[in-house]
Structure formats: structure tokens, C-alpha cells
Amino acid sequence: MKYWLMKSEPFKYSWEQLIKDGWTHWDGVRNYQASNNMKAMSIGDLVFFYHSNKGLDIVGVAEVSKLYYPDHTDKSGRFGMVNIKPIKPFPSPVSLKYIKAEKKLADMALVKQSRLSVSPVTEKEWKIICKIGKIKLK
DNA sequence: GCCAACGTTGGC
DNA sequence: GCCAACGTTGGC
């Protein structure tokens with residue numbers, strides 16, 4: 001089991017929209033590091049859904065539901081995507097502010113590489129954030 | 001709206 | 001293969 005974090009601007013594609021849709025393909029990534037992270041995902045891996053620009057918090061947990069495949073919106077054929085489906089919203093969303101203030105989370109890629117839209121999360125970080133956000137998975 | 005960080009492009 | 005110029009992301 002691996003853990004990830006994916007960013008989306010809520011006015012482009014929000015958590016609420018994901019709930020409505022039931023699933024989505026994560027198209028539009030044009031960054032090798034982000035794309036490679038998606039390549040490394042397995043079915044059932046869990047994903048924090050983060051709202052960038054507006055909101056600035058982790059609002060829900062999603063699950064990888066389809067392995068990396070070519071992004072049809074990328075004409076160059078260099079980048080791919082995965083599908084995800086929503087699992088659960090956070091009863092208490094975890095803000096970037098909190099993550100920055102918490103020493104144990106200071107090494108998160110979200111903080112260190114603020115421009116990376118798909119990043120890995122360690123098991124330790126995952127557990128801390130779940131606890132803070134008061135989310136119980138199954 | 002500004003700007004720092006950083007990825008990409010293209011000339012050499 | 002280097003690096004300046006440029007574009008984009010995203011927090012503030």
C-alpha cells in the first residue's frame with residue numbers, strides 16, 4: 001500500500017465535483033515528476049485530495065482505480081494519468097497552515113516542493129494527517 | 001495581483 | 001550540454 005497527495009484547484013476540479021462524478025481521470029499533468037509518481041501508483045493506493053489556490057487544505061481521501069495510461073489530452077504522448085474515485089471526505093479538513101506548523105510534517109513534498117501536483121506521502125505522514133482530520137477509513 | 005520557485009525551451 | 005529567457009504554479 002502506497003500513499004499519495006494530488007492537488008487540484010477547486011474552481012477547475014473540486015472534491016465536490018469528484019463526489020458528483022463518482023470517479024475521474026487525472027488528465028492535464030505536464031510534469032515528469034508528477035507523471036512518474038502516477039506511474040508508480042497501484043490499484044487501491046490511497047490519495048489525499050488537496051485544494052490549491054483556494055481552500056489550501058486536504059479535503060478528502062480517494063483511491064487509485066485505474067493504472068497509469070496515456071493522457072489523451074497530451075498530443076506529444078509523453079505524459080499519462082490514472083483514474084481515482086472518492087472514498088471519504090475529511091470531517092475536519094487539514095490546512096496547509098497546520099501542515100507547515102507541525103514539525104513532523106515539515107518534510108512533506110507539499111511543503112518542500114510546492115509546485116509538484118502529484119507527490120508521495122509516507123505512512124507516518126498519512127497517519128498523522130488522518131488523525132488530525134478525524135477521518136476513519138473502513 | 002505580486003513574486004519566488006522552478007520547470008522548459010531553444011540558441012549557441 | 002550549458003544556460004539565459006521565458007512560462008507556470010501556487011502561496012501570500
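The values are calculated or read from the model by the stated rules, or taken from the named source; none is laboratory data. Everything quoted here is computed from the prediction, not taken from an experiment. Note that each Cβ is placed from the backbone with ideal geometry, even for glycine, and that neighbours are counted across all protein chains shown.
For region A:72-89, does any single residue satisfy the condition of being without any contact (Cβ under 8 Å) to a residue 40 or more places away in the chain, of a type outside the set (Gly, Ala, Ser), buried (at least 20 other Cβ atoms within 10 Å of the Cβ) and assigned to a strand (DSSP E or B)? No.
Residue count for region A:33-52, restricted to those that are part of a strand (DSSP E or B) and more than 16 Å from DNA strand C (Cβ to nearest atom): 1.
Residues that are within 16 Å of DNA strand B (Cβ to nearest atom), assigned to a strand (DSSP E or B) and hydroxyl-bearing (Ser, Thr, Tyr) do occur in region A:111-128, at least one of them. Go through the residues of region A:20-42 one by one and say whether even a single one is β-branched (Val, Ile, Thr), modelled with pLDDT of 95 or more and either in contact with a Ser or Thr (Cβ under 7 Å, 6 or more places away or on another chain) or within 21 Å of residue A:126 (Cα to Cα) (or both). No, region A:20-42 contains no residue that is β-branched (Val, Ile, Thr), modelled with pLDDT of 95 or more and either in contact with a Ser or Thr (Cβ under 7 Å, 6 or more places away or on another chain) or within 21 Å of residue A:126 (Cα to Cα) (or both).
Here is the figure for region A:18-32: residues that are within 16 Å of DNA strand C (Cβ to nearest atom) and not in a loop (DSSP other than H, G, I, E, B) total 1. Name every residue in region A:70-96 that is at pLDDT below 95 and either under 27 Å from residue A:124 (Cβ atoms) or away from DNA strand B (no atom under 16 Å from the Cβ) (or both), in order of residue number. Passing the criteria: A:70, A:72. In region A:80-138, of all residues being within 16 Å of DNA strand C (Cβ to nearest atom) and small (Gly, Ala, Ser), the one that is nearest to residue A:44 (Cα to Cα) corresponds to A:119. Close contacts from region A:97-123, counting a first residue that is more than 18 Å from residue A:2 (Cβ to Cβ) and β-branched (Val, Ile, Thr) and a second that is in a helix (DSSP H, G or I) and more than 10 Å from DNA strand C (Cβ to nearest atom), with Cβ to Cβ under 6 Å and a gap of 6+ residues or different chains, come to A:99/A:105. Scanning region A:48-63 for residues that are free of Cβ contacts under 8 Å to residues at least 40 places away in the same chain and not charged (D, E, K, R) yields nothing. Taking the conditions (1) in a loop (DSSP other than H, G, I, E, B); (2) crowded, with 19+ Cβ neighbours inside 10 Å; (3) among the small types (Gly, Ala, Ser) in turn, residue A:55 satisfies each one other than (2).
Which ones in region A:12-52 are among the aromatic types (Phe, Trp, Tyr), surrounded by fewer than 19 Cβ atoms within 10 Å (Cβ to Cβ) and farther than 18 Å from residue A:89 by Cα? Give the steps one after another, and end with the answer.
Residues of region A:12-52 among the aromatic types (Phe, Trp, Tyr): A:13, A:15, A:23, A:26, A:32, A:48-50.
Then drop every residue that is not surrounded by fewer than 19 Cβ atoms within 10 Å (Cβ to Cβ), which leaves A:13, A:23, A:32.
Within region A:12-52, just A:32 meets the criteria.
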